[in-house]
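The values are calculated or read from the model by the stated rules, or taken from the named source; none is laboratory data. A quick note: this is a predicted structure, and the numbers were derived from the prediction, not measured. Cβ placement follows ideal geometry from the backbone for every residue including glycine, while neighbour counts extend to all protein chains displayed. To get the accessible areas, we keep the full protein, side chains included, count just its heavy atoms, and leave off ligands, DNA and RNA. Shrake-Rupley method; radii C 1.70, N 1.55, O 1.52, S 1.80 Å.
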Amino acid sequence: MDIRDVRFKVSAVAAAVVLVAGFLLYLQHRSPSGGDAPYSGPPATPGSPAARPGETRRIALNTRPSDYPRLKELGYDLVDAKPDDSLVAGVPDGMQALLWVGNFTCGSFDLDYDAFTRAVQRYGRSPKVYGWYLSDEPDTGRCPKVAGEIRRRADYIRQNAPGQVSFVSLTDWPMRQLAPKRVGVDLYGLDPYPCKGSADVQDSCDIGAIDRMVRLADDAGIPRARVAPVLQTFGQSCSKGDKQYWLPTQAQFRKILARWDRLAPRPRLEISYSWGHQSEWACPSLADASGGAHPDLQSIMKARNTAK
């Protein structure tokens, strides 16, 4: 997942009164970066449980087969993989795969449509497959056609992969064109990362950033029952690119979890980003967060993932 800063943009062709209203909304919802103040808009309303106790599925992104035993010990029951026979066959018993077939923002899809349909025909009834990751942070503001491509792929999954889910992950670009009634996607990852503004640990995280993004999803028509929280389990102190985020402390991470538990309790899917390193975006990551030089977030996630 990319974690570059994004902001809403007001249309230059709107009438003056709409410009003013839109600008005020932008100021209310904008994400904190650099010297921007933390979110101070209205809190999101509490949500209702989307799944029964013990039915939340859990995944940590950016994993390899060698990571699967440790992930299973920590209570994760999903892994991310590509639609490849050897990779799907290698998913351990008791776990399933979320298959990456998507695109990033405005980029090309990893599989063209014909290759995508062949993959669904091959794995659409596989007990090893949980679902299909169709897009990571699609930007319908700059690339409106991406919504139509997501829609036809979600339609194909619904028709040809019974019981499997379609999934996209959203950031704070415009979401309305991606609402379920428009594209038919089953689950939506929301990825506010509250511990932001420095690669060095700070005293507090902007927990309100979670409320802000949930409110954006509410306004776009995305039901809470379809929201999949994306938990910040990364920093950037050892990354080669951005240096804007720090790995939460244990106390900060518990506050992140508590806010998500208020706004999207017992979601159908919960995501930890990221397990593995990404050279530009995520280092350190959850794989490092086992105590010692880094906060022990793994123990917190194990207790959470295995609670009955």
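Before we move on, is Arg158 within 20 Å of Gly189 (Cβ to Cβ) and open to solvent by 70 Å² or more (accessible area, probe 1.4 Å)?
Yes; evaluated as a whole, the condition is true for this residue.
Kindly check whether there is at least one residue in the range 202-219 that is open to solvent by 10 Å² or more (accessible area, probe 1.4 Å), among the small types (Gly, Ala, Ser) and within 26 Å of Leu286 (Cα to Cα).
yes
Which of the following residues is aromatic (Phe, Trp, Tyr) and open to solvent by less than 10 Å² (accessible area, probe 1.4 Å): Tyr188, Tyr123, Tyr113?
Going through Tyr188, Tyr123, Tyr113 in turn, the sole match is Tyr188.
Looking at the range 220-234, can you tell me whether even one residue there is of a type in the set (Ser, Thr, Tyr), touching a helix residue (DSSP H, G or I) at 6+ places or on another chain (Cβ under 7 Å) and free of Cβ contacts under 8 Å to residues at least 40 places away in the same chain?
Within the range 220-234, not a single residue is of a type in the set (Ser, Thr, Tyr), touching a helix residue (DSSP H, G or I) at 6+ places or on another chain (Cβ under 7 Å) and free of Cβ contacts under 8 Å to residues at least 40 places away in the same chain.
Mind listing whichever residues of the range 225-248 are open to solvent by 40 Å² or more (accessible area, probe 1.4 Å) and either touching a strand residue (DSSP E or B) at 6+ places or on another chain (Cβ under 7 Å) or not small (Gly, Ala, Ser) (or both)?
We begin by selecting, within the range 225-248, every residue open to solvent by 40 Å² or more (accessible area, probe 1.4 Å); these are 225-226, 237-238, 240, 243-244.
The answer is Arg226, Cys238, Lys240, Lys243, Gln244.
Only one of (1) touching a Gly at 6+ places or on another chain (Cβ under 7 Å); (2) open to solvent by 10 Å² or more (accessible area, probe 1.4 Å); (3) at pLDDT 95 or above is not met by Glu280, so which one is it?
Single failed check for Glu280: (3).
Within the range 70-87, how many residues turn out to be open to solvent by less than 80 Å² (accessible area, probe 1.4 Å), in a helix (DSSP H, G or I) and under 19 Å from Leu297 (Cα atoms)?
Initial filter on the range 70-87 (open to solvent by less than 80 Å² (accessible area, probe 1.4 Å)): 71, 74-81, 83-85, 87.
Next cut, in a helix (DSSP H, G or I) only: 71, 85, 87.
So of that shortlist, the ones also under 19 Å from Leu297 (Cα atoms) come out as 71.
Residues meeting the conditions: 1.
Within the range 45-69, can you find the residues that are part of a helix (DSSP H, G or I) and either farther than 24 Å from Leu87 by Cβ or not hydroxyl-bearing (Ser, Thr, Tyr) (or both)?
Pro65, Asp67, Pro69
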